[in-house]
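Chemist: Here it is, the structure, as structure tokens.
The values are calculated or read from the model by the stated rules, or taken from the named source; none is laboratory data. Predicted, not measured: the structure shown is a model, and the values here were computed from it. When we count neighbours, we look across all protein chains shown, and the Cβ atoms used for this are built from the backbone with ideal geometry, even at glycine. What goes into the accessible areas is simple: the full protein's heavy atoms, side chains included, and nothing from ligands, DNA or RNA. Shrake-Rupley method; radii C 1.70, N 1.55, O 1.52, S 1.80 Å.
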Amino acid sequence: MRTVYVNGEYLPEDQGKVSIFDRGFLMADAVYEVTSVLGGKLIDFPGHCARLSRSLSELDMANPVTDDELLGIHRELVARNDIDEGLVYLQVTRGNPGDRDFAFPDPDETPSTIVLFTQDKPGLGGDTAARKGNKVISIDDIRWGRRDIKTVQLLYPSMGKMMAKKAGADDAWLVEDGFVTEGTSNNAYIVKGNKIITRALSRDILHGITRAAVLRFAREAQMDVEERSFTIDEAKQADEAFTTSASAFVMPVVEIDGVQLGDGTAGPLALRLREIYLDESRKAAV
Ligand code: PMP
């Protein structure tokens, strides 16, 4: 049985409990992070820590732990659950005020709730899924206007994944005002010749930790990077496409709305970037 972390305690997973009045449960008043584990070590951990602090401060939510404590909890859970390849999920909510009320509770009276658990994913660092690539469909982006904050409001992204599944695809890309914002749970890129094109950072998309690392590695490898919006039609005519996320690293996209990209196989630039990302991130893992 898994060991999970709930408000300062390590517990068997069936004993990890949160109140029915918790604002994470009632209002999706909560933020989260997902950090991958390769070789028993944490990938891009400082980036996830920094983004957690930012999400919390944008929502005036107290951070219940220091970065050092957070690293200790992550490592303890990885060790106790014997994770070689997998994920650590972390969620912080505005806590349990003991009743339901729209107004935020006083943080001195209602401490944040913090929960972490691991997910074992043997083969995560392999390339079986990446060599096959993903098929995506495009759907309207009807999410709220602060997608830069990593909240647990994941209903529409879940619906998007279900729409993709129903259409025989793997995932969905979200489109707003004619332009692709991002994937349901990843950042979106197209490749034209030697140029990697991805939407610039703003409140419209999550500031992916993997995105930051991948763009840095791409520039270091003398690849051209253009941070600008692109339409789904431009994407369908691209040489390659891919997504990035902490849980899938760099994932080639081989089909958009039924239109095959290139010869319909995972693109060489995406696969090369995946290799660079995995090599460099393993070296820097903590
Ligand atoms: N965009 C969205 C909407 C996401 O949910 C995620 C993954 N949580 C990402 C982008 C990728 O971010 P990261 O590389 O930090 O996992």
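Chemist: Taking LEU71 and the conditions (1) in a helix (DSSP H, G or I); (2) more than 30 Å from ASP279 (Cα to Cα), which numbered condition does it fall short on, given that it satisfies the others?
Modeler: That leaves (2) as the condition not met.
Every residue, every condition in (1) near the ligand (Cβ under 8 Å from one of its atoms); (2) touching a residue at least 60 places away in the same chain (Cβ under 8 Å), yes or no:
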position: VAL175; (1), (2): no, no
position: PHE179; (1), (2): no, no
position: GLY183; (1), (2): yes, yes
position: LYS192; (1), (2): no, no
position: ARG199; (1), (2): no, no
position: ARG211; (1), (2): yes, no
position: ALA218; (1), (2): no, no
position: ALA221; (1), (2): no, no
position: ASP224; (1), (2): no, no
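Chemist: Test each condition in (1) in contact with an Asp or Glu (Cβ under 6 Å, 6 or more places away or on another chain); (2) surrounded by 15 or more Cβ atoms within 10 Å (Cβ to Cβ) for PRO122 and report the one that comes out false.
Modeler: PRO122 satisfies every listed condition except (2).
Chemist: Are any residues in segment 241-254 under 13 Å from ILE190 (Cβ atoms) and either surrounded by fewer than 23 Cβ atoms within 10 Å (Cβ to Cβ) or of a type in the set (Val, Ile, Thr) (or both), and if so, which ones? Write out each step before concluding.
Modeler: Within segment 241-254, the subset under 13 Å from ILE190 (Cβ atoms) is 241-244, 252-254.
Passing the criteria: THR243, THR244, VAL253, VAL254.
Chemist: Also, I was wondering about something else. Do we find a residue being modelled with pLDDT of 95 or more, hydrophobic (A, V, I, L, M, F, W, C) and part of a loop (DSSP other than H, G, I, E, B) anywhere in segment 105-120?
Modeler: So far as segment 105-120 goes, no, none of its residues is modelled with pLDDT of 95 or more, hydrophobic (A, V, I, L, M, F, W, C) and part of a loop (DSSP other than H, G, I, E, B).
Chemist: When both residues are 6+ apart or on different chains and their Cβ atoms are under 8 Å apart, which pairs have a first residue that lies in segment 20-41 and is in the same structural domain as ASP60 (by TED's automatic domain parsing) and among the acidic types (Asp, Glu), and a second that is outside any loop (DSSP other than H, G, I, E, B) and open to solvent by 30 Å² or more (accessible area, probe 1.4 Å)?
Modeler: Every condition considered, the pairs that remain are GLU33/TYR89.
Chemist: Something else about it: Those residues that are open to solvent by 30 Å² or more (accessible area, probe 1.4 Å), basic (Lys, Arg) and under 20 Å from SER185 (Cβ atoms), I need them from segment 37-59; list them, please.
Modeler: Matches in segment 37-59: ARG54 only.
Chemist: Something else now. Which condition from (1) farther than 28 Å from ARG282 by Cα; (2) surrounded by 15 or more Cβ atoms within 10 Å (Cβ to Cβ) is the one that ASP14 breaks?
Modeler: Failed condition: (2).
Chemist: If you don't mind, there's one more thing I want to ask. Among ILE73, ILE20, which is the only one that is surrounded by 14 or more Cβ atoms within 10 Å (Cβ to Cβ) and at pLDDT 95 or above?
Modeler: On the way: ILE20 fails: surrounded by 14 or more Cβ atoms within 10 Å (Cβ to Cβ).
It is ILE73.
Chemist: Additional query: Open to solvent by 40 Å² or more (accessible area, probe 1.4 Å) and not assigned by TED's automatic domain parsing to the domain that holds PHE249: is that true of PRO111 in this structure?
Modeler: Considered against the rule, which asks whether it is open to solvent by 40 Å² or more (accessible area, probe 1.4 Å) and not assigned by TED's automatic domain parsing to the domain that holds PHE249, PRO111 comes out as yes.
Chemist: Report those helices (runs of 4 or more DSSP H) wholly inside segment 135-252 carrying at least 3 residues which are within 24 Å of GLY86 (Cα to Cα).
Modeler: Values: elements: 155-166, 209-220, 232-236.
In segment 135-252, 155-166, 209-220 are the helices (runs of 4 or more DSSP H) which contain 3 or more residues that are within 24 Å of GLY86 (Cα to Cα).
Chemist: Scan segment 23-36 and give yes if some residue there is surrounded by fewer than 15 Cβ atoms within 10 Å (Cβ to Cβ) and touching a helix residue (DSSP H, G or I) at 6+ places or on another chain (Cβ under 9 Å), otherwise no. Even if it seems obvious, please write down each step before you answer.
Modeler: Filtering segment 23-36 down to residues surrounded by fewer than 15 Cβ atoms within 10 Å (Cβ to Cβ) leaves 28.
Among the residues that remain, those that are also touching a helix residue (DSSP H, G or I) at 6+ places or on another chain (Cβ under 9 Å) are: 28.
Checked against the condition, which is being surrounded by fewer than 15 Cβ atoms within 10 Å (Cβ to Cβ) and touching a helix residue (DSSP H, G or I) at 6+ places or on another chain (Cβ under 9 Å), segment 23-36 yields at least one hit.
Chemist: Any idea how many residues of segment 256-272 are more than 16 Å from the ligand (Cβ to nearest atom) and within 30 Å of HIS48 (Cα to Cα)? Don't jump to the end; show me each part of the working.
Modeler: Narrowing segment 256-272 to residues more than 16 Å from the ligand (Cβ to nearest atom): 256-269, 271-272.
This time we only want the ones that are within 30 Å of HIS48 (Cα to Cα), so: 256, 266-269, 271-272.
The total comes to 7.
Chemist: Just give me the residues in segment 32-55 being within 11 Å of the ligand (Cβ to nearest atom), in contact with an Asp or Glu (Cβ under 9 Å, 6 or more places away or on another chain) and outside any helix (DSSP H, G or I), in sequence order.
Modeler: Those that are within 11 Å of the ligand (Cβ to nearest atom), in contact with an Asp or Glu (Cβ under 9 Å, 6 or more places away or on another chain) and outside any helix (DSSP H, G or I): THR35, SER36.
Chemist: Taking segment 185-236 as the region of interest, how many residues are within 30 Å of LEU59 (Cα to Cα) and not hydrophobic (A, V, I, L, M, F, W, C)?
Modeler: Final tally of qualifying residues: 17.
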